[in-house]
Amino acid sequence: MTELIAGRYILQDKLSEGGMGIIYKGVDQPSNQPVVIKSVKPHLLNDNPMVLERFIQEGQVLRKLDHPNIVKMLATDEVDGQRYIVMEYVVGGSLADLLQKKGSLDVDQAVAIALELADALSRAHHLNIIHRDLKPDNVLLAADGTPRLSDFGLARLKQAPNLTEDKAIVGTLAY
């Protein structure tokens, strides 16, 4: 697969698949640095037009957020009707991966991660953005162990139209 996104990012291998999207590893041609490229599952676009609205809103949310503990958005693009969000590649895996491997975190590490995530959430809330799916799978870890909050696909922008039906539950029930 060698599709070019936003004129500079090459779509490569599929990394994972979620409820609404597919995550690919890609590469930034000029710098040869890895990136993550997220796309919407095409069949969902046909079944539910709100999926596209959520995906567009996720790009808008990430564009507003500039914080060291939030995954950085690099670009958005549409190629042959398929939309993409290009983000920084975070090399350390997810907090869920770390918890599965270690079983639990020591107190100092847990507090450090919690404080940095609280700061990221504070920034988002200051901009009237509510994440709505905070869980270990959506916390990525940089090489130095610092957390990066990711997956703003269910985020709620206070000033934007509500894309969720009244009384609907969003996010991951266990969290």
| task | Give, rounded to the nearest 20 debye, the magnitude of the charge dipole that the stretch 1-84 has about its Cα centre when Lys and Arg contribute +1 at Cβ and Asp and Glu contribute -1 at Cβ. | result | 220
| note | If R0 = 45 Å, then Ser122 and Asn46, at their Cβ-Cβ distance, give a FRET efficiency to the nearest 0.05 of 0.70
| In debye to the nearest 20, how big a dipole does the chain give about its Cα centre with +1 on each Lys and Arg Cβ and -1 on each Asp and Glu Cβ? | 220
| Rounded FRET efficiency, nearest 0.05, which uses the C-beta distance separating Leu15 from Leu99 and R0 of 22 Å | 0.70
| What helices does the chain hold that run 27 Å or longer along their axis, going by alpha-carbon atoms, with a Kyte-Doolittle average of -1.0 or more, using DSSP H for the helix calls? | 107-126
| query | How many Å² of accessible area per residue for the stretch 17-91, probe 1.4 Å? | reply | 49
| said: Tell me the carbon and sulfur percent of the accessible area for the stretch 1-129, rounded to whole percent, probe radius 1.4 Å. | reply: 50
| query | Given a cut-off of under 8 Å on Cα pairs at least six residues apart, what relative contact order in percent is computed for the chain? | reply | 19
| Can you give the net charge of the other residues whose Cβ lies under 15 Å from the Cβ of Val79, counting K and R as +1 and D and E as -1? | -1
| message | As a test of the formula, what do you get for the chain when each DSSP H run with n ≥ 4 contributes -39,500 (n - 2.57) and the sum is divided by the residue count, at 222 nm and rounded to the nearest 500 deg cm²/dmol? | response | -9000 deg cm²/dmol
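The values are calculated or read from the model by the stated rules, or taken from the named source; none is laboratory data. Bear in mind the structure is a predicted one, so any value in this text is a computation, not a measurement. In this analysis, Cβ positions are derived from the backbone assuming ideal geometry, glycine residues included, and neighbour counts consider all displayed protein chains. Just the protein is used for accessible areas: all its heavy atoms, side chains included, with ligands, DNA and RNA removed. Shrake-Rupley method; radii C 1.70, N 1.55, O 1.52, S 1.80 Å.
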